[in-house]
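To start, the structure itself, in structure tokens.
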Amino acid sequence: MKRRRKQPARKAPKRAAARPARKSAGTSKPRALHGPHPPLGLEASVERVVPFEWTIQAINSILPPVLSTPAMIGLMEHATVLSILPQMAPGVITVGTRIEVDHLKAVPHGATIRASAKLVKHEGRFLVFDVEARSGEHVIGRGRVFRAVVEPKQHGAKAHARTQPAPAGSQP
């Protein structure tokens, strides 16, 4: 019978340095805001006439000249920014992180549309907005937009680092 050599005791895997406990959603304060979170219920709206460049026909000539979904969402996002702009500290921004929007009705080139946003929830440094777009009395789109409060220099540096080529010899 062979005798087994005694193996050295296995070391526990190294763990990441302990982090402070996260505060529950809605209670932490984004560093980039003046004071506490902006008050819920902040609202803003923006109104525009649909230019040809915002239509799906501008992208593909066989399509009709109606408002594109990305253009509608862009206007909704613009309303979210306007709603909290007075509450933001100088030199900080918010960036979109998630969009949940339904485009409900087509609107032709030349129509007037109005996008509105209302701040409805805080989740740490994330802000949640209910958004809606209308043309006259018709609701043409609605949903939710999520934005994160960021410091532009750090945000830009992280994005720039992702575009740098990997060092020679490294694997993807």
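The values are calculated or read from the model by the stated rules, or taken from the named source; none is laboratory data. Every value quoted in this text rests on a predicted model; they were computed, and no experiment measured them. Cβ: placed from backbone, ideal geometry, glycine included. Neighbour counts: every protein chain shown.
In this structure, is Pro70 modelled with pLDDT of 95 or more and either exposed (fewer than 15 other Cβ atoms within 10 Å of the Cβ) or under 19 Å from the mean Cα position of the chain (by Cα) (or both)? Considered against the rule, which asks whether it is modelled with pLDDT of 95 or more and either exposed (fewer than 15 other Cβ atoms within 10 Å of the Cβ) or under 19 Å from the mean Cα position of the chain (by Cα) (or both), Pro70 comes out as yes. Determine whether the range 41-58 contains at least one residue that is surrounded by 12 or more Cβ atoms within 10 Å (Cβ to Cβ) and without any contact (Cβ under 8 Å) to a residue 12 or more places away in the chain. Among the residues of the range 41-58, at least one is surrounded by 12 or more Cβ atoms within 10 Å (Cβ to Cβ) and without any contact (Cβ under 8 Å) to a residue 12 or more places away in the chain, which makes the answer yes.
Of the residues making up the range 80-98, those that are of a type in the set (A, V, I, L, M) and over 13 Å from the mean Cα position of the chain (by Cα) are Leu82, Ile84, Leu85, Met88, Ala89, Val92.
Do we have any residue at all in the range 81-98 that's surrounded by fewer than 16 Cβ atoms within 10 Å (Cβ to Cβ), of a type in the set (Gly, Ala, Ser), farther than 17 Å from Val149 by Cβ and touching a residue at least 12 places away in the same chain (Cβ under 8 Å)? Looking for residues that are surrounded by fewer than 16 Cβ atoms within 10 Å (Cβ to Cβ), of a type in the set (Gly, Ala, Ser), farther than 17 Å from Val149 by Cβ and touching a residue at least 12 places away in the same chain (Cβ under 8 Å), one finds none in the range 81-98, hence no.
Scanning the range 112-139 for residues that are of a type in the set (Asp, Glu) and over 15 Å from Ser83 (Cβ atoms) returns Glu123, Glu137.
Within the range 99-121, does at least one residue satisfy the condition of being basic (Lys, Arg), more than 14 Å from the chain's Cα centre (by Cα), surrounded by fewer than 17 Cβ atoms within 10 Å (Cβ to Cβ) and under 15 Å from Glu43 (Cα atoms)?
Keep residues of the range 99-121 that are basic (Lys, Arg), which gives 105, 114, 118, 121.
Those left that are additionally more than 14 Å from the chain's Cα centre (by Cα): 105, 114, 118.
Of the ones still in play, those that are also surrounded by fewer than 17 Cβ atoms within 10 Å (Cβ to Cβ) are 105, 114.
Restricting the remaining residues to those that are under 15 Å from Glu43 (Cα atoms) gives 114.
Yes, because at least one residue in the range 99-121 is basic (Lys, Arg), more than 14 Å from the chain's Cα centre (by Cα), surrounded by fewer than 17 Cβ atoms within 10 Å (Cβ to Cβ) and under 15 Å from Glu43 (Cα atoms).
Scanning the range 131-172 for residues that are surrounded by fewer than 12 Cβ atoms within 10 Å (Cβ to Cβ), among the hydroxyl-bearing types (Ser, Thr, Tyr) and at pLDDT 70 or above yields a count of 1.
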